[in-house]
1. Given the options Ser138, Ser118, Ser100, state which has the largest fluctuation in a GNM of the chain using a 10 Å cut-off (strictly under) for Cα springs.
2. Students often forget the sequence filter, so: which aspartates and glutamates lie under 19 Å Cα-Cα from Lys203 once same-chain residues fewer than 8 apart are removed?
3. Which of the trypsin sites (Lys or Arg not before Pro) across the range 1-95 are loop residues per DSSP, with 11 or fewer other Cβ within 10 Å?
4. Mind checking which lysines have their Cα closer than 18 Å to the Cα of Lys86? Skip sequence neighbours fewer than 8 apart in that chain.
5. Go through the range 42-57 residue by residue and turn each phi into a ³J(HN,Hα) via Karplus (6.51, -1.76, 1.60, θ = phi - 60°); whole Hz please, and just put x for glycine and proline.
6. Would you kindly derive the ³J(HN,Hα) couplings of the range 70-87 from the backbone phi angles with the Karplus curve 6.51 cos²θ - 1.76 cosθ + 1.60 (θ = phi - 60°), listing them in order in whole Hz, with x for Gly and Pro?
7. Percent relative contact order of the chain, based on C-alpha pairs within less than 8 angstrom and at least six residues apart?
8. Hey, can you find the accessible area per residue of the chain for me, probe 1.4 Å, expressed in square angstrom?
Amino acid sequence: MFTGIIQSVGRVLRLEPRGGDVRLTIETGKLSLDAVVLGDSIAVNGVCLTAVELNPQGFAADVSRETLSLTTLGALVPGGRVNLEKALTLSTPLGGHLVSGHVDGMGTLLERHEDARSWRLRIQAPDDLARYIAHKGSICVDGTSLTVNRIDGAVFELNIVPHTVQETIIGDYRPGVRVNLEVDLIARYLERLLLGERAADPKASGLTLDFLAEHGFAR
């Protein structure tokens, strides 16, 4: 588990193909790995990876074919900047929100413009994630915990304060860039709970207005 508070911006040192998978080596910058041991989890652009090698500069992790195809890690290149966060402990301040490091989909930055000293971002999410994104709710973008300021269908808007622009890779964003998205854990589990016994039905396609009306949640 993570909090979505980025601890360092690292750089990709190497990408080594290994039988269809990739071993990714990251230089961690100011992120201290003193307490990290082999097998620990580190989030890279919001993707939970397992450290399989440790070195004075950083760490290496194996990235599966599944992860390469479903996240932006498949587009990384040597020298690319990445958001980093170590797994939280019971003593870690929960400054963001609970993040699992399991990416739900990739979004596309549609627009970026300055608003006083902040930035405004408009991001297009996959249609099937729109129901989990709520006004003033939390969303994780490339591992960064952010608040949704406005929503229009599957497009949502974020306000990024100067500190976040400076301390994450959001400062590199340009329209068209693809980003990893993880929706709020509570929203995902709430949907399954509301399905009740239907959750065991492989044909159950999630919540619908008819289902909500039948159970008194909508009119």
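The values are calculated or read from the model by the stated rules, or taken from the named source; none is laboratory data. This one's a predicted model, so the numbers in the text were calculated from it and none came from an experiment. For neighbour counting, all protein chains shown are included, and Cβ atoms are generated from backbone atoms with ideal geometry for every residue, glycine included. Note: areas computed on protein heavy atoms with side chains; ligands, DNA, RNA excluded. Shrake-Rupley method; radii C 1.70, N 1.55, O 1.52, S 1.80 Å.
1. Ser118
2. Answer for Lys203, where 19 Å is the Cα cut-off: Asp128, Glu191, Glu214, listed by chain and number.
3. Those that pass, being in a loop and sparsely packed, are Lys30.
4. Once the sequence-local lysines are set aside, what remains near Lys86 is Lys30.
5. Couplings: 9, 8, 10, 6, x, 9, 6, 10, 9, 5, 10, 9, 10, 9, x, 8 Hz.
6. The phi angles translate into 9, 9, 6, 4, x, 9, 5, 9, x, x, x, 8, 9, 6, 10, 8, 6, 4 Hz.
7. Relative CO of the chain lands at 21 percent.
8. 54
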